[in-house]
Structure formats: C-alpha cells, structure tokens
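Down below is the structure, laid out as structure tokens.
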Amino acid sequence: MPYLESLRVFVRVVELGSITAGGRDMRMSPAVASNRIKDLETRFGVRLLNRTTRKLVPTEVGRAFYESARRVIETLDEAEAVVSGFSGMPHGALRVTAPLGLGRRLISPLVPKFCEEYPGVEIRLRLSDRNVDIIADGIDLAFFLGEPQDSALKWRRIAECRRVLVATPGYLEKHGMPEKPDDLVKHNCLLLRYPRSPEYYWVLKTAEGPQKLLVNGHFDADDGDVLTDWALEGCGIANRPHYEVAEHLEAGRLKLILPEAPPLPAQFGVLTPHRRLQDPKVRLFADFIARETKRHFS
C-alpha cells in the first residue's frame, strides 16, 4: 500500500507541477509528499524529477515512469469501481469542480447529505469561475453553466438555467430604465471576465430572435458573486442566473430589466472524462446533484 500511495503522489505531482500542490491534493504535507517521491527514486536508483526554485519537471525516465504509473492507477481505479458496482458500497475520492456561485449555493450545501448516504466517498470540491483543465487536473465531475466546448468529454444536461438582467432601483432612477436591448450599450454593465472568458457580450432573447450586444462597463471581475455585490451597491447592470438573485428581487433590492427580452438561458450540466463513466460513485454523485437541484430551475 505505501508503494501504491507513492505512485499516486508521484502522478499527481507531475500533473500539477508541484510537490506542494500534489501533496495538498492527496491531503498530505509537502514534506510527506516529497518523502514519497524520494522513496520511489531510492527504490529505482534514478532521479524522477528535476527541481528548481521556480518549477518542477520530470526527467526523461520520470516522464516514461509517469505514463506507466498513470495507467497502473487508472487500471486499479477501474478495478475498484467494478467491485464497488457489485457491492453497492462506493468508496474513494471524487474530485469535483464548479463555478464559484453555482458551487457555493447549489453544490457545496449538498455534499454533507451525499456523504451521509455514501460514507465511503470523499468529496474534494474545488470552486473557480476560471476555465479548468479537467483532464490535466484529474477532475471526475465538472459542473458548469453554459455550453460545453470540449468534445473529448462526456456531458450531461441537467437543467436549463434562467438568466436575468438586474440593477438597483437607485441606479435605474439615476440612469434610466432601459426600454429596449440597444439601450444597454449606454449603461455601465458589470461583466464576468477572465482569461479566455466568452462573456464579452450579452445575447438577449427577443421577438426577432437572439440579439448580440457588445456591452461595456467600468467594472469587471472573475467572480460572479462580486458582480452581484456591485449591482447591489448600485454600480450598474448585472447579467446573473435567476437563482442567484431571486431573494434580492423578492426583497426589492434589485429590479428586473427587460423581462420581455431576457438573456439567453444557460445550460446547467456536468462534464466527465469518458473513462470514468463506469465508476459508480461518479454516476451516483451526478444523479444526486441533478435530483436535489431540480427545484432551483423549475
């Protein structure tokens, strides 16, 4: 078992490019992770990694060993998944990612309930509004809002997520209520932006069909919750999932803008690497989230 654990550590260290990151992912200190790598190097009498002050890269033999070790780990995981399927007792770690707002409001509150039903499963949740490399980061399930772009992944649509344009009554009193989509270009629009972000424009659903607007604003952020906070402070107009601002609309803190021409809805779904579909815990968690979040999208 120590040898297999060392293999797992080595694989994650190479994939994440850091002993600290690999150790953290395996829930161990950098010192313990480093010792695991040293154990392997001592066992084989070769250097597997070249360490510098700025980066860590596998040696030539380390790269070859990584490819073989990764296949060993995948084969072992597949074997365990088969046994779990027969026993009805899934176990092991699930690496899950989701956008910040979606993860905070919908995914993370459900994790304790899932783990209570399946105590043998560990959930390792990572939240970020930035694009995640699912394969390189070893992600099992990636929940998302939008349209999947990676054809190498298997995607499952869970629900259609209504989006709305909102601003405070104070902002609208000062700057005017947009009467038609084209009016938005005159307003301070709060944008979700990060490297390779697709949301540099908004697409509204009009009677004439989808209308693309190149909106602008003085505020942008890579965290959707920040946009909601700015909208609540009267800074501008935000394009947000309805479930994220529903309570503010009900309380009158925000007002709905252009309800007859809302933003196109986003798809709420989950991406999984094809090879992990046979793992029962992957399917169970996806089914669980789909079932438990349904009320938010009705």
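What percent antiparallel are the DSSP beta bridges of the chain, to the nearest 5? Numbers along the way, then the final one.
Values: 28 of 41 bridges.
Within the chain, antiparallel bridges account for around 70 percent of the total.
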In deg cm²/dmol, rounded to 500, what helix-only [θ] at 222 nm does the chain give when every DSSP H run of at least 4 residues adds -39500 (n - 2.57) and the total is split over its residues?
-> -11500 deg cm²/dmol
Hey, which aspartates and glutamates would be in cross-link range of Lys174, C-alpha to C-alpha under 19 Å, not counting anything within fewer than 8 residues on its own chain?
-> Asp182, Asp183, Asp229, Glu233
Relative to the chain, whose Cα atoms define the longest principal axis, helix 30-44 and its Cα axis are tilted in degrees, nearest 10, by 40 degrees
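For region 150-285, give the percent of accessible area contributed by carbon and sulfur heavy atoms, probe 1.4 Å, rounded to a whole number. Before the final figure, lay out each step's value.
On the way: 3410 of 6830 Å².
Ligands and nucleic acids excluded, carbon and sulfur reach 50 percent.
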Putting +1 on Lys and Arg Cβ atoms and -1 on Asp and Glu Cβ atoms, find which of Leu191, Leu153, Val245 reaches farthest to the positive end of the dipole of the chain.
-> Leu153
For the chain, what number results from the quotient of the Cα radius of gyration and 2.2 N^0.38 Å?
-> 1.20
In region 5-129, what % of DSSP beta bridges are antiparallel (nearest 5)?
-> 30 percent
So what's the angle, to the nearest 10 degrees on a 0 to 90 scale, between helix 2-16 and the longest Cα principal axis of the chain?
-> 40 degrees
Give the carbon-plus-sulfur fraction of the accessible surface of region 1-122 in %, rounded to a whole number; probe 1.4 Å, heavy atoms of protein chains only.
-> 57 percent
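Past the 26 Å Cα-Cα mark, which pairs from Lys180/Lys255; Lys186/Lys294; Lys205/Lys294; Lys186/Lys255; Lys154/Lys281? Working shown, then result.
On the way: Lys180/Lys255 16 Å; Lys186/Lys294 36 Å; Lys205/Lys294 23 Å; Lys186/Lys255 18 Å; Lys154/Lys281 16 Å.
Beyond 26 Å between Cα atoms: Lys186/Lys294.
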For peptides 227-240, 20-33, sequence by mean Cβ density within 10 Å, most packed first | 227-240, 20-33
For the chain, with every protein chain kept in place, what is the accessible area per residue (1.4 Å probe, Å²)?
-> 52 Å²
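Could you calculate the contour length gain from Asp183 to Glu147, that is, 0.36 nm times the residue separation minus the distance between their Cα atoms, to one decimal place in nm?
Details: separation 36, 0.36 × 36 = 12.96 nm, distance 2.69 nm.
Contour length minus Cα-Cα distance gives 10.3 nm.
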Enter the angle in degrees (range 0 to 90, nearest 10) between the Cα long axis of helix 242-251 and the first principal axis of the Cα atoms of the chain, meaning the one along which they spread out most.
-> 40 degrees
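The values are calculated or read from the model by the stated rules, or taken from the named source; none is laboratory data. Values in this document were obtained by computation on a predicted structure and should not be read as measured data. Cβ coordinates were reconstructed from backbone atoms using ideal geometry, including for glycine residues, and neighbour counts include every protein chain displayed. Just so you know, the surface numbers come from the protein's heavy atoms only, side chains and all, with ligands and any DNA or RNA stripped out. Shrake-Rupley method; radii C 1.70, N 1.55, O 1.52, S 1.80 Å.
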